[in-house]
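No value in this document is a laboratory result; all are computed from the given coordinates. Just so you know, these numbers come straight off a predicted model, no measurement behind them. Here the Cβ positions follow ideal geometry from the backbone for every residue, glycine too, while neighbour counts run over all protein chains shown.
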Amino acid sequence: MKRYRPTSPSKRQESKVEFKKFITKSEPLKSLTKGFRRANGRNNTGRITTRHKGGGHKRLFRDIDFTYNKIDVPFTVKTVEYDPNRSGFIGLVAYKDGERRYALLHKSARVGDVYIASETAPITPGNRLPLSKITVGTFVYNVELKPRGGAKIARSGGNYVEVVAKDGGYVDLKMPSSEVRKVLETAWATVGEVSNDENRLTNLGKAGRSRWLGIRPTVRGTAMNPVDHPHGGGEGRQGRGRRRAISIYGKPTGKGQKSRRSKKYSNKHIVRRRKVGKK
């Protein structure tokens, strides 16, 4: 991590990942990029569905390959690059047949490394296999929920999922949240951990860096008026006046309260719920 001399109150706290130690190229491949407009927490009708999002620096979208649909074709890592749209590092990979794509790299990936997506690939970091072929206790990332549906789980910097059991056509996976979940054994995953594991140690140092990232301020409900939040109002500081903390929409929030729908379609795949509350 890179730290600064305390030339200002924000610099005293600020810390960053030393990208120069990892990044080998600063400009992305133009043919694999495009402009896009970020949703900023709005749905298709423009209504806010996720609070505290908006603004932020303009970003160029990198087309990342999460399908890995070129089976039994080796690919070589050509670059290690920064992607403003995700916390892990990406790399330009060249397949043996000449095609180039962007891929999410694992923790120890370096330029020149060769990997493959194959049912007979060795279980080494960077290779991609079906979950049925991966031994229990292995860390994986870029995990599919449905076979050939593209990677959906464990894609953030430093994240991984642990294979803990196999039974009845399913593989039990321990998620980063501590939840244990069943996934079909025919789904694919990449062996290893996502790169840039130091990302979670970053200290933004000042409110302005949050705004650059598109994160808007969070106001406490108790600081609002009754018309704006169920916790609002009162003379001076008040207790919330209700048993459970709730959001501005009246839904349970924080303090380890259960918010998952009792009839959610994927409940049958959950072996053990995540641990909630203070860690």
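Under a GNM of the chain (C-alpha, springs under 10 Å), which listed residue has the highest mean-square fluctuation: Thr186, Thr218, Thr120?
Taking springs between Cα atoms under 10 Å, the residue moving most is Thr218.
Within the range 97-155, report the trypsin sites (Lys or Arg not before Pro) that DSSP leaves as loop and that have at most 14 other Cβ atoms within 10 Å.
Sites meeting the loop and neighbour criteria: Arg110, Arg148.
Local charge sum around Ala165 (other residues, Cβ-Cβ under 12 Å, Lys/Arg +1, Asp/Glu -1)?
+1
Could you name the aspartates and glutamates in cross-link range of Lys255, using Cα to Cα under 18 Å and dropping any fewer than eight places away on the same chain?
Filter leaves Glu179.
Tell me which of Val271, Phe139, Ser259 sits at the most positive position along the dipole axis of the chain, charges placed on C-beta atoms (Lys, Arg +1; Asp, Glu -1).
Ser259
Just from its helices, what would the mean residue ellipticity at 222 nm be for the chain, if runs of 4 or more DSSP H residues each count -39500 (n - 2.57) and the sum is divided by every residue, rounded to the nearest 500 deg cm²/dmol?
-1000 deg cm²/dmol
Using Cα springs under 10 Å in a Gaussian network model of the chain, which residue among Ala223, Ala94, Ala187 shows the largest mean-square fluctuation?
Ala223
Any idea what the relative contact order of the range 102-176 is, in percent, if you count C-alpha pairs under 8 Å spaced at least 6 apart?
Over the range 102-176, the number comes to 21 percent.
Taking Lys21 as the anchor, which lysines have their alpha carbon closer than 19 Å to its alpha carbon, excluding any fewer than eight residues away along the same chain?
Within reach: Lys2, Lys78, Lys107.
May I ask which residue of Ile123, Val111, Asn225 lies farthest towards the positive end of the charge dipole of the chain, with charges of +1 (Lys, Arg) and -1 (Asp, Glu) on Cβ and the Cα centre as origin?
The one lying farthest along the dipole's positive direction is Asn225.
As a quick test, which of the pairs Lys146/Lys268; Lys53/Lys263; Lys182/Lys268; Lys182/Lys251; Lys146/Lys166; Lys174/Lys275 have an alpha carbon distance above 20 angstrom in this structure?
Distance filter (> 20 Å) returns Lys53/Lys263; Lys182/Lys251.
Just how many % of Cα pairs in the range 219-279 lie over 16 Å apart, if you round to the nearest whole percent?
Across the range 219-279, Cα pairs with separations above 16 Å total 55 percent.
Using Cα positions and a limit of under 19 Å, work out the aspartates and glutamates in reach of Lys11, with same-chain residues fewer than 8 apart set aside.
Glu198
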